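First up is the structure itself, then whatever we jot down about it.
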């Protein structure tokens, strides 16, 4: 049944996305797991943006396109439970096989060599920053823009960490999902997924501003401090977190 629903959702989504590999089941599984709009999520080589469909119309425009184009978020429909479509083995007329998930979405391919993805949104006719993204900067035109710091591309030697970036590394079972969050993204546990570059070894390079920051890994539903980092702090709730620094 899960495979059938995933395939059905894939068919619905394919008609709503341009220029992105929609056959990524990691992307499909993430969309299926959403119960509401959330912070932007980096999935492979793209970023998923969402907004509640209670807004009449939501668009997004990017700095790398000089804000010359607006991408309108599209409604995410999910297949209705099959038991609602039949009565006594016969299809019920007049029932839409798909239902509104309450979510609008847009999937944007990450530009080559980009360090940040800066953007603004249009919500019901008004230009604004993304209300679901806590990171904002002042753009070249003097207006506030939302920002997503992008992880550095994989393939850089582990002993090389470019200036202005921090390397996160974690060891776990192979084939798992390991993410990192911290004071740099409002502790969102889904935004940054680490890449498994060798069996059981996960890593990510992330550009961050100079100064100290706090972080933790998220693995199998648990928040875990960095086992390899001796610099640790306690939160007000008594949790142990790690501290890093960018010179």
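The values are calculated or read from the model by the stated rules, or taken from the named source; none is laboratory data. Not measured: the values here are computed from a predicted model. With ideal geometry, Cβ positions are generated from the backbone for all residues, glycine too; neighbour counts draw on all protein chains shown.
Considering only region 151-162, I want to know if a residue exists there that is farther than 23 Å from residue 34 by Cβ and modelled with pLDDT of 90 or more. Among the residues of region 151-162, not one is farther than 23 Å from residue 34 by Cβ and modelled with pLDDT of 90 or more, which makes the answer no.
The residues in region 213-227 that are part of a strand (DSSP E or B) and either surrounded by 15 or more Cβ atoms within 10 Å (Cβ to Cβ) or modelled with pLDDT of 95 or more (or both) can be counted, and the count is 9. For region 166-185, a tally of residues being in a loop (DSSP other than H, G, I, E, B) and buried (at least 19 other Cβ atoms within 10 Å of the Cβ) returns 2. Within region 200-212, restricting attention to residues that are in a loop (DSSP other than H, G, I, E, B) and farther than 15 Å from residue 169 by Cα, the residue that is farthest from the chain's Cα centre (by Cα) is 210.
Do you know which residues across region 130-144 are in contact with a strand residue (DSSP E or B) (Cβ under 6 Å, 6 or more places away or on another chain) and in a loop (DSSP other than H, G, I, E, B)? Answer for region 130-144, where residues must be in contact with a strand residue (DSSP E or B) (Cβ under 6 Å, 6 or more places away or on another chain) and in a loop (DSSP other than H, G, I, E, B): 130, 133, 135, 139. Report yes if some residue within region 186-194 is touching a helix residue (DSSP H, G or I) at 6+ places or on another chain (Cβ under 9 Å), assigned to a strand (DSSP E or B) and not assigned by TED's automatic domain parsing to the domain that holds residue 31; otherwise report no. Yes, region 186-194 contains a residue that is touching a helix residue (DSSP H, G or I) at 6+ places or on another chain (Cβ under 9 Å), assigned to a strand (DSSP E or B) and not assigned by TED's automatic domain parsing to the domain that holds residue 31. Looking across 103, 122, one residue alone is surrounded by fewer than 19 Cβ atoms within 10 Å (Cβ to Cβ) and at pLDDT 75 or above. It is 122.
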